[in-house]
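Q: Before I ask anything, let me first share the structure, which is written out below as structure tokens.
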Amino acid sequence: MSGLYKILSLLMLIIISMLIFGCGSKTDIAVKKQQERESFIKWSAESYQNGIKIFQEMDFSAPDKEKAEKAATAFFAGTHSHMEFSKRTDCSMEIAKVCPDAETLYYTAQCLAIIGEGGSIEEGHYLKDGMLIYYAELIPEAYSGVMMDKVLPLRSEIIDIYEDVVKPQKVAKEARRKKMQAEYNRTYSERVAKQADDDPYYDEEYYAEGYFEEDYDYDGYRVEKGAGKGREHPRQSGGGTRRWRNINPDMLR
């Protein structure tokens, strides 16, 4: 019996040790997660402040592209998109407190980067094919947060130039394109008919009447001969060619 007691005592000791170790591991994991969470919040806040500093020093009327891109990266750390990307959606409320208006400032920085690359707001509108007005319209019209004195005038100027200059130019350009396309469509049949008159190759009546024969060239290209005069067309036809027979030129009139 004493042997059985010893075995049971040993088993109990192993079970207790496993329970203690398991609890300790869970506690360590929870502590590590909390530390990572706090570290992420701190890093986001520092990045956000770096972006604010860049904005404070930047001239919005003549933005530097590289600095604007750095600001965009800095503010992105406080956006919801970045939290989803980093799988840190568990601290959204804390990030919102330490990174107020991060989304709006990120859109503003994107606008400044495009303007900086183009040299002006008007050029920026054409540079990224609508991305400048896209980011500007994402900035709330009634924005009243950090840097509003610089952000709102920029937003207004971007939208005003788009409505007054860029949009009318695009409308006029599209109208010209449609007019040219309509003229092209209207004259298409006339041009095809004239081309057929000028070049017997396009006149199917010649082929229907049997004024040609198919043969093979050594290089796989057509060589067509009409009314005894040779002419070459660099048009492939799967190795086959159409050769005009030596017929009386009067027959083709």
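The values are calculated or read from the model by the stated rules, or taken from the named source; none is laboratory data. No experiment lies behind these values; they were computed from the predicted model shown. Cβ placement follows ideal geometry from the backbone for every residue including glycine, while neighbour counts extend to all protein chains displayed.
Residues are listed down the side, and each one gets a yes or a no for (1) in a helix (DSSP H, G or I); (2) touching an Asp or Glu at 6+ places or on another chain (Cβ under 7 Å); (3) in contact (Cβ under 8 Å) with a residue 12 or more places away in the chain:
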{"residue": "Glu103", "(1), (2), (3)": "yes, no, yes"}
{"residue": "Leu112", "(1), (2), (3)": "yes, no, yes"}
{"residue": "Tyr134", "(1), (2), (3)": "yes, no, no"}
{"residue": "Tyr143", "(1), (2), (3)": "no, no, yes"}
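Q: Any idea which residue in the stretch 154-187 is surrounded by the fewest Cβ atoms within 10 Å (Cβ to Cβ), counting only those that are of a type in the set (Val, Ile, Thr) and in the same structural domain as Gly116 (by TED's automatic domain parsing)?
A: Residue satisfying both the conditions and the ranking: Val171.
Q: A follow-up question, please. Determine the pairs where a residue that is at negative phi, located within the stretch 184-199, has a partner that is at pLDDT 70 or above with Cβ atoms under 8 Å apart, the partner being 6 or more residues away or on another chain.
A: none
Q: Still on this model: Which members of the stretch 43-94 meet the condition of being farther than 10 Å from Leu112 by Cα, part of a helix (DSSP H, G or I) and touching a Phe, Trp or Tyr at 6+ places or on another chain (Cβ under 7 Å)?
A: Tyr48, Gly51, Ala74, Phe75, Phe76, His82, Cys91
Q: Please enumerate the residues belonging to the stretch 134-149 that are surrounded by 17 or more Cβ atoms within 10 Å (Cβ to Cβ) and at pLDDT 95 or above.
A: Those that are surrounded by 17 or more Cβ atoms within 10 Å (Cβ to Cβ) and at pLDDT 95 or above: Tyr135, Ala136, Ile139.
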